[in-house]
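Notes follow the structure.
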2 protein chains.
Amino acid sequence: MARNSRGRRRFLNFIMDIHHLKVFASVYKHKSFSKAAEELHLTQPTVSDHIRAFEDELKCRLFDRLPRKIIPTKEAAVLITRAQEVIERVEGFKDVLGEFRKDLSGHLVIGASTIPGTYILPGLTSSFRQKNASVLFEVVVSDSRAIIDKVAGDDLLIGIVGAKLESKQVDYKPFLDDELIVVASRKFDLRKSISIRDLVNLPIVMREQGSGTRREFEKILEKEGIDFQHLNIVGIFGSTDAVKQAVKEGMGISIVSRRSVKDELTCGMLKEIRIKDADMKRQFYIITHRKRTLPHLYKMFLEYLLS
Amino acid sequence: MARNSRGRRRFLNFIMDIHHLKVFASVYKHKSFSKAAEELHLTQPTVSDHIRAFEDELKCRLFDRLPRKIIPTKEAAVLITRAQEVIERVEGFKDVLGEFRKDLSGHLVIGASTIPGTYILPGLTSSFRQKNASVLFEVVVSDSRAIIDKVAGDDLLIGIVGAKLESKQVDYKPFLDDELIVVASRKFDLRKSISIRDLVNLPIVMREQGSGTRREFEKILEKEGIDFQHLNIVGIFGSTDAVKQAVKEGMGISIVSRRSVKDELTCGMLKEIRIKDADMKRQFYIITHRKRTLPHLYKMFLEYLLS
DNA sequence: AAGCAGCATAGAATAATTTTATAAAGGAGT
DNA sequence: ACTCCTTTATAAAATTATTCTATGCTGCTT
C-alpha cells in the first residue's frame, strides 16, 4: 500500500529524502502529476502519493489541483528553490570525490629514519614535486623504532625505515638497498681491508639504541658470533652527522650507511675500510598501516617510490 | 535482510538519500558505528550496512576499521562537509516554511470593480499597511465581469466585485453593503423624491455594460417591470468619474453608488433624488477561486477584510 | 450525455530497511 | 595463554515502505 494507515507514514523517519524532493521538483517543473510520473519512470498514483505525503509532512498544500492543470501554491514556490539546491548537491556528491581524486596537491607527511630521511627522501620528494604540482612534503625524521610506532599508532600514514620490527599493524614493503661500511678519519692509519673480528680492538663511535643502523650492525655481529659487549665503544651520538663528525675528529671508527658518507668518501674526508668476511648489506622498507587506507596523494607517491 | 543479493541495493534508485547521509555523518562524528546507532536509534548492524552500501556506491572506503576505533579516510573527510550541508538544508526545510508564514511583506494583488477599487479599497489597504509592515498593494481595477473572469482564470487570487455572476470556480463571500442612488446636478430642478417609474422620462447617463453598478440597476428595473430600452439614455461612459462629471455638467441624472458620491453630496456638488418605491440596496462580494490556496499574506488580508 | 483527461484511492505485489541473534577479531586484564 | 569485553560483520526473519494495477471521481469538451 502506498501509505500506511491512511496518510501517516514511516515509523520514525521523515519524508524528506532526495527521492521525495525529486518527485516534488518534477511535478513542479511539469505542472502535472502524470508527466512527472513519466519522467521519473513511476506511475501517477505513486507521484500522487508522494506529493500527498510531502504535503502532510509540511502541513501545507503544495499544489492546487484544478480540473485541467495544477498550480503550485506560494509555499511550493518558496520550497522549490531549496529542493533543487539539495538535489543538485546530492547529485554532485560523486563528482566531489572525482575532483578530489584528480587533485594531487596537498600535504604529504612521511616518517623516515635517519638514513632515508636525510640521504634518500630529499632527492625523491624533489623529483616527485617536479612531475606533480604543488605538494607540500613534510619529512618527520626519527629513528626506526619511533617511526614504526607512529605508523602503528595512526600518527603517520607512511614511513621509510631501515629495520623490520615485528608489529601486526604494520606492512613492510622492501625498498632500496644499502650497505653498512666501516669508515675512519683519513688520518687514521689502518689497512684498507680488515676482518670483522678486528673491530673488537678498534675504538668505535655509535648511534643510540633504536637506530636502524645500530640495529643492523648488532644483527651482523650476532651472526658472526661477536658479543656487542666486547666492543670498544668510545662514544654514542644521537645523529649520523654527530657520529661522522666524531669520526672525522679521529675519535674512532664507525659503522655507517654507505649512502650517508657518499660525499665524504668522494672528497676524501673519510676513508672506507673494507670488511672482507661479512655481508653488511641492509634493506630499507616502506611501511604502512596494514588496515588504513592511504589518501590518494599518498598512493601516488607510494607508486612513484616503488617504480 | 539488510542487503538484497549481497551488496547490490535498490532496484533503480540511489543510496544517497538523507537517511544514508545522516548515518554517515553520525558515524563520522562519533568515530563509532555503535555510538552512531545509539544516536540514531538504530542497531549497529543497520549502521554497518548503511556504511557499506554507501562505500559500495561511492566505490571508496570511508572508514578504516581498526580494532578499537575507526578512522575516517581522507575521502570521508572530504565528503563530510558536503553531507552536513545537505543535511542542514533538509532539516531547515520546515523552518523555511515557518519563516515564510511569519513574513507579512510581499506583493498583494487585488482585483476590484470600480466602486470597491476606487472608494473602498484605498482606505482598507492603507489601514492594513499601518498595522502590518511592508506590503505592496496593487489594485487592479476593472469592471465586475472582468475581475470575476480573472479570478476564475487564475490570473487573480482575490477580487472584490459588486455583482454575482454564476461561475463554478468562484467563491463569493458577502462583504460591504452599498446603495444605488439617483443623483443630479445641483442646478437640476426636480423634486427631492420620485417614483422609480419617473426615471423613464429623465435623461440618464450610464456606465458601460459589464459594470456592476449598471448590472444592479438593470436588475432593479427588471424587478419593477421596467424595460431598460424605454429609458432615455443620453450618455455611456467607461468610468464612474466620467459619469459623475457628466452629471455635474447637467447632461442628465445617473444612478450611482452612494459611496462614490459621498464627497460630492457633502459639499453639494451633486444632489440625491430619493426613490420612494424601490429597494436600491446592493451587495459587494469578496471573490476567490474555489480551488486555489491563498498565500499567507492574502489570507491575512482576507481575514482583515472580513473582521 | 458520453468521452476524455487528470488526479485520488485501494489493495496486492515487490522491495528496502531494521531487527535479533550470532560470529569474528583484537585488546585488556588476570 | 586464557577469558572477558568491546566493536564491527553477517545472516535470516520481521517489519515497513514503495510501487504497481485497477478503478473511481470530477469537470471539461463535443
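Results for (1) over 23 Å from residue B:185 (Cβ atoms); (2) within 14 Å of chain A (Cβ to nearest Cβ); (3) out of contact with any strand residue (DSSP E or B) (no Cβ under 9 Å at 6 or more places or on another chain), shown as yes or no for each residue.
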{"position": "B:217", "(1), (2), (3)": "no, no, no"}
{"position": "B:222", "(1), (2), (3)": "yes, no, yes"}
{"position": "B:235", "(1), (2), (3)": "no, no, no"}
{"position": "B:249", "(1), (2), (3)": "no, no, no"}
{"position": "B:263", "(1), (2), (3)": "no, no, yes"}
{"position": "B:285", "(1), (2), (3)": "yes, no, no"}
{"position": "B:297", "(1), (2), (3)": "yes, yes, no"}
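Taking region A:65-175 and the helices (runs of 4 or more DSSP H) fully enclosed by it, the elements with 3 or more residues that are of a type in the set (Gly, Ala, Ser) are at A:74-91, A:121-131, A:144-152. Can we say residue A:30 is within 15 Å of DNA strand C (Cβ to nearest atom), more than 11 Å from chain B (Cβ to nearest Cβ) and either at pLDDT 85 or above or in contact with a helix residue (DSSP H, G or I) (Cβ under 7 Å, 6 or more places away or on another chain) (or both)? Criteria met by residue A:30. The sole residue among B:69, B:94, B:102 that is out of contact with any strand residue (DSSP E or B) (no Cβ under 8 Å at 6 or more places or on another chain), more than 10 Å from chain A (Cβ to nearest Cβ) and surrounded by fewer than 19 Cβ atoms within 10 Å (Cβ to Cβ) is B:102. Going through (1) within 30 Å of residue A:299 (Cβ to Cβ); (2) in contact (Cβ under 8 Å) with a residue 24 or more places away in the chain one by one, residue A:165 falls short only on (2). Scanning region A:48-58 for residues that are in contact with a Lys or Arg (Cβ under 9 Å, 6 or more places away or on another chain) and more than 8 Å from DNA strand D (Cβ to nearest atom), we see that the one that is farthest from the other protein chains (Cβ to nearest Cβ) is A:52. Report, by residue number, each residue of region A:29-71 that is within 21 Å of residue A:18 (Cβ to Cβ) and of a type in the set (Asp, Glu). Selection gives A:38, A:39, A:49, A:55, A:56, A:57. Check whether at least one residue in region A:188-205 is farther than 19 Å from residue A:219 by Cα, surrounded by fewer than 18 Cβ atoms within 10 Å (Cβ to Cβ), basic (Lys, Arg) and in contact with a strand residue (DSSP E or B) (Cβ under 8 Å, 6 or more places away or on another chain), and report yes or no. Yes: one or more hits. Listed by position, the helices (runs of 4 or more DSSP H) enclosed by region A:207-307 that each have at least 3 residues that are more than 36 Å from the chain's Cα centre (by Cα) are A:240-248. Screening residue B:61 on (1) facing chain A (nearest Cβ under 10 Å); (2) assigned to a helix (DSSP H, G or I); (3) at pLDDT 90 or above shows it passes everything except condition (2).
The set of residues in region B:50-65 that are over 15 Å from residue A:93 (Cα atoms) and in contact with a strand residue (DSSP E or B) (Cβ under 8 Å, 6 or more places away or on another chain) comprises B:51, B:63, B:64.
Look at (1) within 11 Å of DNA strand D (Cβ to nearest atom); (2) free of Cβ contacts under 8 Å to residues at least 12 places away in the same chain; (3) within 11 Å of chain B (Cβ to nearest Cβ) and you find that residue A:42 fails only one, number (2). Being more than 9 Å from chain B (Cβ to nearest Cβ) and modelled with pLDDT of 90 or more is a property that residue A:161 has. Regarding region A:25-32, can at least one residue be identified that is under 19 Å from residue B:291 (Cα atoms), away from DNA strand D (no atom under 11 Å from the Cβ) and part of a helix (DSSP H, G or I)? Yes, there is a match, as at least one residue in region A:25-32 is under 19 Å from residue B:291 (Cα atoms), away from DNA strand D (no atom under 11 Å from the Cβ) and part of a helix (DSSP H, G or I).
With respect to the conditions (1) surrounded by fewer than 16 Cβ atoms within 10 Å (Cβ to Cβ); (2) within 14 Å of another protein chain (Cβ to nearest Cβ); (3) farther than 20 Å from residue A:297 by Cβ, residue A:155 falls short on a single one, namely (3).
Against the test of being touching a residue at least 12 places away in the same chain (Cβ under 8 Å), hydroxyl-bearing (Ser, Thr, Tyr) and surrounded by fewer than 17 Cβ atoms within 10 Å (Cβ to Cβ), the options A:144, A:134 yield a single qualifying residue, A:134.
Exactly one residue out of A:44, A:84 is over 30 Å from residue B:83 (Cα atoms), modelled with pLDDT of 90 or more and surrounded by fewer than 19 Cβ atoms within 10 Å (Cβ to Cβ): that is A:44. Within region B:60-74, residues that are outside the structural domain of residue B:35 (by TED's automatic domain parsing) have Cβ atoms under 9 Å from residues that are within 12 Å of DNA strand C (Cβ to nearest atom) and at pLDDT below 90 in no pair, counting only partners at least 6 apart in sequence or on another chain. Among the criteria (1) in a helix (DSSP H, G or I); (2) within 14 Å of chain B (Cβ to nearest Cβ); (3) of a type outside the set (S, T, N, Q), the one residue A:35 does not fulfil is (2).
The values are calculated or read from the model by the stated rules, or taken from the named source; none is laboratory data. Here the structure is a predicted model, which means the values were calculated and not measured. So basically every Cβ, Gly included, is an ideal-geometry build from the backbone, and we count neighbours across all protein chains shown.
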